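Inspection log for the structure reproduced underneath, given as structure tokens.
Throughout, read-outs are computed from the coordinates displayed, never taken from laboratory work. Quick caveat, the model's predicted, so the values are computed rather than measured. All Cβ positions, glycine included, derive from the backbone under ideal geometry; neighbour counts span all protein chains shown.
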């Protein structure tokens, strides 16, 4: 650390305050719902699976907490018609065997 | 009517035990009948901070399990005769603490004392939830530091949902005790200010305890700071906090250790 960095150093307390405010706003909203994302993932998969054939592993859910908004990102890979048919056959075979 | 207070924080090392001892002693010094109860089963320390570590025979677990009667386990303070300690067990498992047993012991304590001050273990597990279970009021001990504030927020949420009062639709009175506060660093923007912490946690302020050599000295000697160094800045802050617990309205002042120029320069108190 040189002499100049002493003068440049920004106060850290306001940063701490801001980070806490953003974090706690979310933690309070989700208190007691710690597995909210897991629940969402299950329900979203079941809704989509009613209409199209999908693989569970190909559904990604991410939550990016921010201020003023958070982003809930849902990424579902929908296979092509041929791939879906193949998938259904594999499942039927597995269920049958 | 007895008041049950839990001293809690979520995070460890913020000053729960020190504050339990100091607040308990301060209330007893103000002629109240006080018992301090250690809920930290397996890691008891309140006995040490109170200077009673060599007098422990029976403990909370013995009473909970019916192996000893409550009066056998209570240790009367040698300096203040209205102050007693109910120690935790050092050898037993925390699972030995049962909800029914705790309910019974707190009920018995309510008949003997004006104030029952429960020193909660760190964390949010069983020990912490049992310590807060029967609380009428809570002292949330917080350092002006991000992880402590976050954990306090979590504990406040639990006080509003997991206590007997909360389950009856009543409220546990929550008080913020800001400890290890360094007014100079807060003024320089290096540490969260009292107002920051109050705004974030939004519970009323019980007191500000400065980072102080006297507090460490008090634990070293096994004497709560209000007994060992009653004229220190920290002890005065605890005395005022105790009066606020009793319902008095006092303006909270930001305590500052008096330091000489040399002390300021070298970061320690000058020898008087």
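To test your reading of the geometry: what angle, between 0 and 90 degrees and rounded to tens, separates the Cα axis of helix B:16-29 from the longest principal axis of chain B?
80 degrees
Checking the a/c ratio against 1.5 first, then a/b against b/c, what shape does the Cα gyration tensor give for the stretch B:52-111?
Working: a/c = 2.34, a/b = 1.36, b/c = 1.72.
Oblate, since a/c reaches 1.5 and b/c is not below a/b.
Compute the relative contact order of chain B as a whole-number percentage, counting only Cα pairs closer than 8 Å that sit 6 or more residues apart in sequence.
23 percent
With a 10 Å Cβ neighbour count serving as the proxy for reagent exposure, in which order, fewest first, do B:160, B:136, B:93, B:40 appear?
Result, fewest neighbours first: B:93, B:160, B:136, B:40.
In which sequence would B:129, B:8 go, from the one with the fewest C-beta neighbours within 10 Å to the one with the most? All intermediate terms of the calculation are to be shown ahead of the outcome.
Working: B:129 17, B:8 32.
Neighbour counts put them in this order, fewest first: B:129, B:8.
Over the stretch B:93-214, what is the relative contact order in whole percent, taking alpha-carbon pairs under 8 Å and six or more residues apart?
Rounded, it is 22 percent for the stretch B:93-214.
Order of B:116, B:106 from fewest to most other C-beta atoms within 10 Å?
So the residues, fewest neighbours to most, are B:106, B:116.
Label point 7 Å out from residue B:54 along Cα-to-Cβ: which residues of the stretch B:215-254 have amide N under 16 Å?
Once the point is set 7 Å along Cα→Cβ of residue B:54, B:220-223 turn out to lie under 16 Å by backbone N, inside the stretch B:215-254.
Over the Cα atoms, compute the radius of gyration (one decimal) and Dmax (the largest Cα-Cα distance, rounded to a whole number) for the protein assembly as shown, in Å.
When restricted to Cα atoms, the protein assembly as shown yields Rg and Dmax of 26.0, 89 Å.
Provide the convex hull volume over Cα atoms per residue for the stretch B:1-93, in Å³. Don't skip to the answer; put the middle values down first.
Values: hull volume 10.0 nm³, N = 93.
Hull volume normalised by residue count: 107 Å³.
Rounded to the nearest 500, what is the 222 nm mean residue ellipticity of the protein assembly as shown from helices alone, with -39500 (n - 2.57) per DSSP H run of 4+ residues and division by all residues?
Numbers: 18 runs with 166 residues, N = 369.
Rounded to the nearest 500, it is -13000 deg cm²/dmol.
State whether the stretch B:162-217 is rounded, prolate or oblate according to the following rule on the C-alpha gyration tensor (a ≥ b ≥ c being the square roots of its eigenvalues): a/c under 1.5 gives rounded; otherwise a/b larger than b/c gives prolate, and the remaining case gives oblate.
It is oblate, given that a/c is not under 1.5 and a/b is not larger than b/c.
Any idea what the relative contact order of the stretch B:8-104 is, in percent, if you count C-alpha pairs under 8 Å spaced at least 6 apart?
Values: 140 pairs, mean separation 31.4, N = 97.
About 32 percent, as a whole number.
Between residue A:69 and residue B:160, what is the label-point separation in nm under the 7 Å Cα-to-beta-carbon projection?
2.7 nm
Going by alpha carbons, how many degrees (0 to 90, nearest 10) lie between the helix axis of B:146-159 and the longest principal axis of chain B?
So the helix axis and the longest Cα principal axis differ by about 30 degrees.
Once you treat every alpha carbon in the stretch B:160-253 as an equal point and sum by Debye, what is log10 I(q)/I(0) at q = 0.16, 0.24, 0.26 Å⁻¹?
At q = 0.16, 0.24, 0.26 Å⁻¹ the computed log10 ratios are -0.79, -1.19, -1.25.
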